[in-house]
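The values are calculated or read from the model by the stated rules, or taken from the named source; none is laboratory data. These numbers come from a predicted model, not from an experiment. Neighbour counts are summed over all protein chains in view; Cβ atoms, including those assigned to glycine, are modelled from backbone coordinates with ideal geometry. The protein model used for the area step is the full one, side chains on, heavy atoms only, and it has no ligands, DNA or RNA in it. Shrake-Rupley method; radii C 1.70, N 1.55, O 1.52, S 1.80 Å.
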Amino acid sequence: MKLLAFSDIRTTLEIPEENVDLIVLLGNIPSKMMSKICRQYENTPIVGLLSKRCYPMLYKETSIVNIHHKCFEFGGLRFAGFGGEPKEFTYENEENVYNDEQVNNFISQLGNSNVDVLITYTNPAYGDVKGALASEGYKPYSKLILEGRVKNIIHGRIRSPFKRKLANVNIESVYPYSLIEL
């Protein structure tokens, strides 16, 4: 299965032309670019998440499925989605911000079944990746990684594209886009 994921893009980005099974919008994507992606990939399913900078109704009246706090099956794989950003690093009244307890509640709702792909705007809390936002991720994701309850994590936010493997979990940081094969 091929995914094309976007995160933190600007309105001047040329959208790649790829033959993919699923488009993933991780967050912080201007509506102009979102519309361009939807037009270019009108025959491809598109799922998305919102960052704190996204208007809460951004996907309304589009074909984009908001996968925040949801699990779904696609192409024989089990996906889970969680958007937003950590509350401890934001202002009080911002939209799409969540604390570790809310993330833990979502993880609990996943039950004991494994997730093939966790799609999230916010990264796990990294201690060894450069960049101000790398350490300001969701700490509860460590539980999923260490317990082997997820096989792949795709995230945005830190604006540093890379691939790595932690405890048998494939992790991909997307910026501004990545073609991902599962």
Search result, residues across the range 67-88 that are open to solvent by 80 Å² or more (accessible area, probe 1.4 Å) and at pLDDT below 90: E88
Test: residue in the range 5-14 that is out of contact with any strand residue (DSSP E or B) (no Cβ under 9 Å at 6 or more places or on another chain), touching a residue at least 60 places away in the same chain (Cβ under 8 Å) and either part of a loop (DSSP other than H, G, I, E, B) or not hydroxyl-bearing (S, T, Y) (or both): yes
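Does any residue of the range 101-121 turn out to be in a loop (DSSP other than H, G, I, E, B), within 14 Å of the chain's Cα centre (by Cα) and either surrounded by 17 or more Cβ atoms within 10 Å (Cβ to Cβ) or not polar (S, T, N, Q) (or both)?
Yes, some residue in the range 101-121 is in a loop (DSSP other than H, G, I, E, B), within 14 Å of the chain's Cα centre (by Cα) and either surrounded by 17 or more Cβ atoms within 10 Å (Cβ to Cβ) or not polar (S, T, N, Q) (or both).
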Selected residue (criterion: surrounded by the most Cβ atoms within 10 Å (Cβ to Cβ)) from residues of the range 41-66 that are of a type outside the set (S, T, Y), closer than 13 Å to L22 by Cα and touching a residue at least 24 places away in the same chain (Cβ under 8 Å): G48
Selection count, the range 137-159, where residues are at negative phi and open to solvent by 50 Å² or more (accessible area, probe 1.4 Å): 5
Scope the range 49-83; condition closer than 25 Å to K139 by Cα and touching a Cys at 6+ places or on another chain (Cβ under 9 Å); matching residues: R78, F79, A80, G81, G83
Where G131 falls short, out of the listed (1) modelled with pLDDT under 90; (2) surrounded by 14 or more Cβ atoms within 10 Å (Cβ to Cβ); (3) assigned to a helix (DSSP H, G or I): (3)
Some residue of the range 7-17 being among the aliphatic types (A, V, I, L, M) and closer than 23 Å to D116 by Cα: no
Search result, residues across the range 155-175 that are charged (D, E, K, R) and either under 14 Å from the mean Cα position of the chain (by Cα) or part of a loop (DSSP other than H, G, I, E, B) (or both): R157, R159, E172
Considering residues of the range 160-178 that are touching a Gly at 6+ places or on another chain (Cβ under 9 Å) and open to solvent by less than 20 Å² (accessible area, probe 1.4 Å) only, the residue farthest from Y121 (Cα to Cα): V169
